[in-house]
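The values are calculated or read from the model by the stated rules, or taken from the named source; none is laboratory data. Computed from a predicted structure; not experimentally measured. For neighbour counting, all protein chains shown are included, and Cβ atoms are generated from backbone atoms with ideal geometry for every residue, glycine included.
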Amino acid sequence: MNKLPKLSVVASKDELRPKLHYILIENGYAVATDANILAACDLEHYLDDEVISALDGYLINRDHWKELEKGKWECLEVVGDNLEVTDPYGSITVIPLKQNNNFYPNWKTVFPRDLHDTRLLPNISLNTKLLQVLGTALDPYNWNKEGNILQFYGEGKGVVVINPITTSFGMIMPNKINENDLVDTLKQFDEKIRG
């Protein structure tokens with residue numbers, strides 16, 4: 001059985017964001033976003049170099065990708081603007097591919113230029129459900145037993161999530177925090193743990 005990263009959970013289902021209904025293959029990565037979280041998974045852990053190279057610059061609709069995630073295929077081959085999927089019984093299914101041609105948003109621009117720039121930052125809040133979805137997309141088969149690296153870059157900026165085992169990465173946008181509410185919450189928390 002073959003595997004692909006579970007990016008269908010990240011790709012948008014919002015009918016007002018049709019460009020985000022796709023998974024982009026670019027420079028060896030499969031990329032998906034719903035505008036709240038973004039996942040970029042290194043395909044070298046899933047596909048051979050020939051298929052990755054042939055898919056470069058193409059988009060695959062999230063519904064087709066979801067079918068591919070099930071792993072019920074033996075061979076993938078790009079023929080023209082289609083992906084031919086051969087199942088274990090020799091049947092071929094044809095999935096249409098869409099050439100990117102700047103259709104998909106430039107996902108690289110949301111990441112800080114210097115991923116090594118770390119500074120003390122204010123408190124932030126992350127939606128744990130979205131963090132769990134992103135974690136599943138970056139490591140759907142639980143290869144990483146150590147956990148992900150979270151890198152923070154500044155107030156109002158996305159938090160970069162890196163899986164060091166799969167060399168996949170993503171981003172989650174922080175929630176806005178009312179500083180007064182935060183102070184009250186931290187005081188209550190401090191009182192509870194200190195008695």
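Would you check which residues across the stretch 147-175 are in a loop (DSSP other than H, G, I, E, B) and closer than 17 Å to Asp42 by Cβ and list them? Scanning the stretch 147-175 gives Asn148, Pro164, Ile165, Thr166, Thr167.
Among the residues examined, Glu50 does not qualify as touching a residue at least 24 places away in the same chain (Cβ under 8 Å) and out of contact with any His (no Cβ under 6 Å at 6 or more places or on another chain).
Collect the residues in the stretch 132-146 that are surrounded by 12 or more Cβ atoms within 10 Å (Cβ to Cβ), part of a loop (DSSP other than H, G, I, E, B) and of a type in the set (S, T, N, Q), keeping them in residue-number order. Residue satisfying the conditions is Asn144 alone.
Close Cβ contacts (under 8 Å, 6 or more residues apart or on different chains) running from residues in the stretch 66-89 that are more than 13 Å from Leu47 (Cβ to Cβ) and free of Cβ contacts under 8 Å to residues at least 60 places away in the same chain to residues that are among the aromatic types (Phe, Trp, Tyr) and in a loop (DSSP other than H, G, I, E, B) comprise Thr86/Trp73; Asp87/Trp73; Pro88/Trp73.
Under the condition of being of a type in the set (A, V, I, L, M, F, W, C) and surrounded by 14 or more Cβ atoms within 10 Å (Cβ to Cβ), which residue from the stretch 82-117 is modelled with the lowest pLDDT? Going through the qualifying residues, I end up with Phe111. If you filter the stretch 5-54 down to residues that are in contact with a helix residue (DSSP H, G or I) (Cβ under 7 Å, 6 or more places away or on another chain) and polar (S, T, N, Q), you find that the one that is surrounded by the most Cβ atoms within 10 Å (Cβ to Cβ) is Thr33.
Screening Asp34, Asp42 for residues that are among the acidic types (Asp, Glu) and in contact with a Lys or Arg (Cβ under 8 Å, 6 or more places away or on another chain) leaves exactly one candidate, Asp34.
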